[in-house]
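**Q** Dropping a structure here in structure tokens format, bear with me for questions.
Read the figures in this text as sums done on the coordinates, not as results from a lab. These figures come from a predicted structure and were not determined experimentally. Ideal geometry is used to build each Cβ from the backbone, glycine not excepted, and the neighbour counts take in all protein chains shown.
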Amino acid sequence: MTIRRLPETLVNRIAAGEVIERPAAAVKELVENAIDAGATRIAVNLSEAGRAAIVVTDDGKGMSPDELDLAVERHATSKLPDDDLLAIRTLGFRGEALPSIGAVARLTIASRARDATDAWSIAVEGGRKGKPVPSAHPPGTRVEVRDLFYATPARLKFLKGERAEREACEDAIARLAMAHPEIGFELTSDGRTILKLPPAPRLDRIAAVVGKEFLGSAVDVLAQRDADEGPIKLDGHAGLPTYNRATSQHQYLFVNGRPVRDKLLAGAVRGAYADFLARDRHPVLALFLTLPTDLVDANVHPAKTEVRFRDPARIRGLIVGSLREALDRAGFRAATSVAVEAIDLVRPQTLPPPQYAFAAPGPRGVAPDLAERSYEYHAPLAPSAPPSAPMPEATTIATGNLPLGVARAQVHETYIVAQTSDGIVIVDQHAAHERLVYERMKAALAAGSVKRQALLIPEIVELGDKDCAALLARADELGELGLAIEAFGPGAIAVRETPALLGEVDVRGLLRDLADEIAEHGAALSLKERLGDVCGTMACHGSVRAGRRLSGPEMDALLRQMEATPHSGQCNHGRPTYVELKLADIEKLFGRR
């Protein structure tokens with residue numbers, strides 16, 4: 001075939017496909033232009049989720065007729081004054097947004113410079129550009145996009161439903177609004193207001209986007225590292241592990257004011273929370289990374305959603321270290337949303353009237369149906385079985401303002417009920433002790449002194465050849481973690497020692513779970529690299545189990561140790577270990593206030 005040059009209109013449509021793949025992409029580009037133009041108010045109006053029309057109006061500096069004429073040309077920009085591709089200090093650059101949109105839609109721009117008395121407009125339809133003509137418009141710019149993708153109808157077939165496309169537009173605006181809280185944003189769709197964000201302090205703006213409960217469920221993040229080119233700064237707010245979501249959609253990451261979806265940053269966040277969340281749960285956070293432009297390339301992706309760092313290891317270390325430090329400062333705090341959800345669950349409901357049945361008196365005058373039931377209250381009772389894991393020594397509890405209160409009862413041999421100065425706390429004894437054992441194991445490993453306990457009689461566990469081979473291949477690493485194993489015939493393993501921290505442990509269950517962990521992550525990662533998972537698995541098998549009766553001193557000792565242990569507000573999977581109900585909330589439930 002003969003090589004030929006493509007027509008200009010087709011070249012523009014190919015370029016447009018790299019930048020504008022859906023309505024949300026067009027919205028993002030237009031709003032970024034408005035921000036770069038110094039706008040203080042930006043309004044976006046959608047029709048049919050942006051397919052029929054997108055209108056973006058701002059009060060920025062506006063454009064002269066000559067600038068308007070150049071704005072719709074490819075590779076024309078005001079954002080590279082020194083022609084330095086690395087010195088990008090604005091949200092835009094590629095110079096593809098307006099001409100790309102004009103190549104696939106009907107585009108009209110009306111603009112008036114702040115110091116001008118006249119406004120001008122220009123139209124581009126399917127790549128065919130008109131001339132600037134006089135128009136009526138206040139200072140600022142109005143960009144109207146109609147019939148998106150009419151010039152490339154095949155693209156329409158790949159769009160999602162209206163709701164999904166509208167939500168994508170909303171997300172794009174919300175991310176930009178979070179990075180620029182000094183600007184007011186408004187989004188309407190088919191006449192309905194979807195988003196209205198007046199200028200506000202950044203934390204209030206974040207809460208307006210994420211939800212007000214984020215305010216009480218987040219910790220501040222602030223760190224800085226010095227580089228030869230200048231300081232690298234990370235600040236923002238990170239949700240506690242108990243405030244988590246099923247997807248990473250609610251992770252808002254920014255580099256030099258630009259919202260990004262970067263694999264390096266997302267991986268650093270995942271690593272920082274690895275000790276606290278199950279693999280299928282994700283934290284909620286907003287992090288702002290600011291660094292010299294020489295250290296980051298923001299022009300590696302047509303949609304400008306990815307970046308490339310000169311020293312990725314330094315950036316990852318900064319994020320992981322800063323997040324872990326912030327979570328450490330949180331101590332045993334859990335998300336306030338946990339209590340709110342609990343209150344909602346126990347709020348009075350409309351119930352059918354009770355049905356009463358009368359029968360001949362039972363023993364001591366008690367109705368027969370009640371005599372057959374067992375009701376038990378103990379505050380406290382002695383343990384009914386030997387401890388399955390070592391508990392801290394009992395402590396004498398004096399009256400005072402203890403954050404987790406004083407134990408008053410154990411319910412269903414699973415939950416500890418404690419009284420605080422202004423409410424009650426309900427603790428999941430297994431989840432709480434699992435976190436305590438986990439943190440003690442990590443500390444022992446860091447100190448290089450994992451104490452072992454020898455089994456009086458080695459326990460033989462039959463697992464099958466494949467699982468046995470996987471565990472025996474890691475025998476030396478497991479030995480460093482306090483678990484001594486050796487082969488015992490085909491498909492069996494002898495366990496001779498276990499970590500002393502675990503106390504009496506379910507050896508069979510522990511080995512099966514460890515074999516599953518190794519099989520899932522393969523041989524590429526060492527157990528030390530998967531330390532969080534391995535310690536978590538061990539801690540789970542060595543913790544106080546649900547169904548074990550605790551004495552009063554044991555319950556109080558557990559509460560005191562929780563108060564002194566970082567991250568004890570959540571178990572190793574991100575679930576809360578306790579719920580606190582304030583007295584005021586309880587009184588509301590009973591109509592006392």
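**Q** Residue by residue, what Karplus-based ³J(HN,Hα) values in Hz, rounded to whole numbers, does segment 177-191 have, using 6.51, -1.76 and 1.60 with θ = phi - 60° and x for Gly and Pro?
**A** 5, 5, 7, 9, x, 6, 9, x, 10, 9, 10, 10, 9, 6, x
**Q** Then there is this: For residue 423, what residues show an amide H to amide H distance below 5 Å, using hydrogens built from the backbone and excluding near sequence neighbours?
**A** Those lying under 5 Å, H to H, from residue 423 are 583.
**Q** Test of understanding: what is the full-extension gain from residue 500 to residue 549, defined as 0.36 nm times their sequence separation minus their Cα-Cα distance?
**A** Working: separation 49, 0.36 × 49 = 17.64 nm, distance 2.20 nm.
Between residue 500 and residue 549, full extension yields an extra 15.4 nm.
**Q** For segment 153-167, what does the Karplus curve 6.51 cos²θ - 1.76 cosθ + 1.60, with θ = phi - 60°, yield as ³J(HN,Hα) per residue in whole Hz, taken in order and with x for Gly and Pro?
**A** Karplus-based 3J(HN,Hα) across segment 153-167 equals x, 4, 5, 4, 5, 9, 6, 8, x, 4, 4, 5, 5, 5, 5 Hz.
**Q** A further question follows. Which cross-chain or sequence-distant (5 or more) residues have an amide H under 5 Å from the amide H of residue 452, H modelled 1.01 Å from N in plane?
**A** The list, which skips near neighbours in sequence, is 500.
**Q** Here's another thing I want to ask about it. Highest mean first, how do 169-181, 142-154 rank when packing is the count of other Cβ atoms within 10 Å averaged over residues?
**A** Values: 169-181: 22.2, 142-154: 18.4.
Packing order, densest peptide first, comes out as 169-181, 142-154.
**Q** Got a sec to turn the phi values of segment 433-447 into Karplus ³J(HN,Hα) couplings, 6.51 cos²θ - 1.76 cosθ + 1.60 with θ = phi - 60°, whole Hz, x for Gly and Pro?
**A** Using θ = phi - 60°, the values come out as 5, 4, 5, 5, 4, 4, 5, 5, 5, 4, 5, 5, 5, 5, 7 Hz.
**Q** How big is the gap, in Å, between the Cα center of segment 447-468 and the Cα center of segment 243-259?
**A** Here the two parts' Cα centres lie 42 Å apart.
**Q** Full-extension gain between residue 73 and residue 228, please, as 0.36 nm times their residue separation minus the C-alpha to C-alpha distance.
**A** Details: separation 155, 0.36 × 155 = 55.80 nm, distance 3.83 nm.
Stretched out fully, the residue 73 to residue 228 stretch lengthens by 52.0 nm.
**Q** Another one. In whole Å, how far is the Cα centre of segment 193-207 from that of segment 125-149?
**A** So the separation of the two Cα centres works out to 29 Å.
**Q** May I ask you to list the lysines whose Cα is less than 27 Å away from that of residue 61, ignoring any residue fewer than eight positions away on the same chain?
**A** Qualifying lysines at Cα under 27 Å: 28, 79, 129, 131, 196, 304.
**Q** Quote the FRET efficiency, to the nearest 0.05, computed for residue 193 versus residue 401 with a Förster distance R0 of 35 Å and r equal to the Cβ-Cβ distance.
**A** On the way: r = 46 Å, r/R0 = 1.31.
FRET efficiency, residue 193 to residue 401: 0.15.
**Q** Roughly speaking, what is the stretch gain from residue 310 to residue 589, that is 0.36 nm per residue apart minus the C-alpha to C-alpha distance, in nm to one decimal?
**A** Working: separation 279, 0.36 × 279 = 100.44 nm, distance 5.63 nm.
Net length gain for the segment: 94.8 nm.
**Q** If you don't mind, there's one more thing I want to ask. For residue 423, what is the net charge nearby, where nearby means another residue's Cβ is under 13 Å from its Cβ and Lys, Arg count +1, Asp, Glu -1? Provide the component values of the computation, followed by the final result.
**A** Details: positive: 408, 582, 588; negative: 422, 580, 585, 587.
Combined, the nearby Lys, Arg, Asp and Glu give -1.
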